[in-house]
Amino acid sequence: MSEMSSTMLNEQLAAKRLGVSPALLRKLRQKGGGPPFARLARCIRYKVADLDAWVQTRTVSVGGAREGAAGRGERAETREAP
């Protein structure tokens, strides 16, 4: 694992990297569905590699199916041209 991928970011830096607000990251932590995080005492930290992997799972292709969906038991939808 490279040094950068194991770097831990606080909530503000993680939000900046993802292009979202810190409030959205807090909401995702509370409700679930957000990137993996570590709670160290009262501090929340995110690994850069986990943030990048989380974004990758939410990448949508032009057809609307998630690129990471195939191979995880999820059905990737395909559309035929008319």
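Observations
- Spacing of the modelled spin labels on Lys16 and Gln56, each 7 Å from Cα toward Cβ, amounts to 2.5 nm.
- Sorting Thr7, Thr59 by the number of Cβ atoms found within 10 Å of their own Cβ, with the fewest placed first, yields Thr59, Thr7.
Only the coordinates and a few stated rules stand behind these numbers; no lab work does. Given the structure is predicted, the values throughout are model-derived calculations rather than measurements. A quick note on method: Cβ atoms are made from the backbone with ideal geometry, for glycine too, and the neighbour counts reach across all protein chains shown.
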